Amino acid sequence: MESFASLANDAMRVVAADTRCAAWEASLEQTTDLNRFLAGVERSALRIAEMAVRDRDDALDIVQGAMLRLARSYGRRPSGEWKPLFYRILYNGIRDSQRRRKVRSRIFGFFPGQRQDEDGEVEDPLDRVADAGPDPSQRVMAGEAMQRLEKALAELPARQQEAFALRCLEGLDVAETATAMRCSEGSVKTHYFRALHTLRERLGEVW
Amino acid sequence: MKEQDDRLERTRRRAREVFDASVESLDTETRARLSRARFEAVEAADHARSFGWRTWVPAAAVAATVIVAVAIWRMPESAESPVAVAAPGDTTLDAVEMLADGEALDLVENDLAFYDWLEVTGLDASESAG
């Protein structure tokens, strides 16, 4: 009887150890998947954020915030859901940053000695601080074409910029883009088509 | 129409090429900062996975405390009901009532004659039974 109890006890221990081992393996696999996913999107996400906020440090902060938020809040979700969620978080960060910049610009606008740009808008004094972004040589490397694309993109309405960046530059499909933008697939198609059409007109035959 | 589609497709392809080239040209310092940010995020995910259940413990403790407090608070109300529905002449309930009645208890304590009577009647009863 005692030997039977001992055997049962051993069997239970083995089952518990197996369960712990399986859980650990699953966790490790998810960590690896998350690392791989983030490594795959981090650079392009940075460039997209940089194009939107025109500041590398701000863009890095936005990307870092998006990574952390995804990992903490959605790390346990299936990896297939990560991409649209990540870009939704990223664009929320971009919008927050743009909002903060506008508020800062308005606050500084009350002080005397502020400058106005050619459009009559008050210039953000922080724009005059030495640019921490890519230096001129890097800009040359990135190419004139990229500068033109950035300029043309910046002139598009925000939703068209978003649709174009996600569909064309990040390669999300229509459904993923709709999830990231929190709108219908029809809206995505409309925004994307209009963006592409306008870019074609503005960039002309240079491309 | 087809020509326009082709032109749009060329624009799309060219934009993608230019963008990919700019991504590839990111300097090493920026790449390193991105890697650090990624490791932090992955660590945060591990931490959240390992200790996620612990965040529920305080909430569960608070919920349990509230439930117990409400149960205790409601108890006198629910304890009244058995007395109210008890049949008249229930000796157990009579005894409880008598014990709860402080005045009656004082009377019993002060009246030594009562004890004498109780002793005598108790003996008489046992003798007559025997």
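Treating r as the C-beta distance of A:N35 and B:R74 and R0 as 45 Å, the FRET efficiency rounds to 0.30.
Other residues lying with their Cβ under 11 Å from the Cβ of A:E162 contribute a combined charge of +4, Lys and Arg counting +1, Asp and Glu -1. In terms of the mean number of neighbouring beta-carbon atoms within 10 Å, the peptides B:13-24, A:88-99 order highest first as A:88-99, B:13-24.
Mean per-residue shielding of peptide A:62-75 is 5, counting Cβ atoms of other chains within 10 Å of each Cβ. Accessible surface for A:M67 stands near 0 Å², nearest 10, in the context of the full protein assembly shown (1.4 Å probe). Note on B:A21/A:D10: beta-carbon distance plugged into 1/(1 + (r/R0)^6) with R0 of 56 Å gives a FRET efficiency of 0.35.
Distance between the 7 Å Cα→Cβ label points at B:A48 and B:L112: 8.1 nm.
In this simple spin-label approximation, B:R36 and A:H197 carry label points 7 Å from Cα along the Cα→Cβ vector, and these lie 4.6 nm apart. Counting only the backbone N, which residues of segment A:65-84 are under 12 Å from the spot 7 Å out from the Cα of B:A63 toward its beta-carbon? Those under the cut-off are none; the list is empty. Between B and A, buried accessible area from a 1.4 angstrom probe totals roughly 3500 Å², ignoring ligands, DNA and RNA. Enumerate the calculated ³J(HN,Hα) couplings along segment A:156-161 in order (Karplus 6.51 cos²θ - 1.76 cosθ + 1.60, θ = phi - 60°), each rounded to whole Hz, writing x wherever the residue is Gly or Pro. Computed from phi, the couplings for segment A:156-161 are 7, x, 3, 5, 5, 4 Hz. If you take every residue apart from A:L90 with its C-beta less than 12 Å away from the C-beta of A:L90, what net charge results, scoring Lys and Arg +1 and Asp and Glu -1? That sum, taken over residues with Cβ under 12 Å, equals -1.
Panel note: contact residues of segment A:170-198 (accessible area lowered by at least 30 Å² against the chain on its own; 1.4 Å probe) correspond to A:L196, A:H197.
The values are calculated or read from the model by the stated rules, or taken from the named source; none is laboratory data. The model shown is predicted, which means the values in this text are computed figures rather than measured ones. Cβ: placed from backbone, ideal geometry, glycine included. Neighbour counts: every protein chain shown. To get the accessible areas, we keep the full protein, side chains included, count just its heavy atoms, and leave off ligands, DNA and RNA. Shrake-Rupley method; radii C 1.70, N 1.55, O 1.52, S 1.80 Å.
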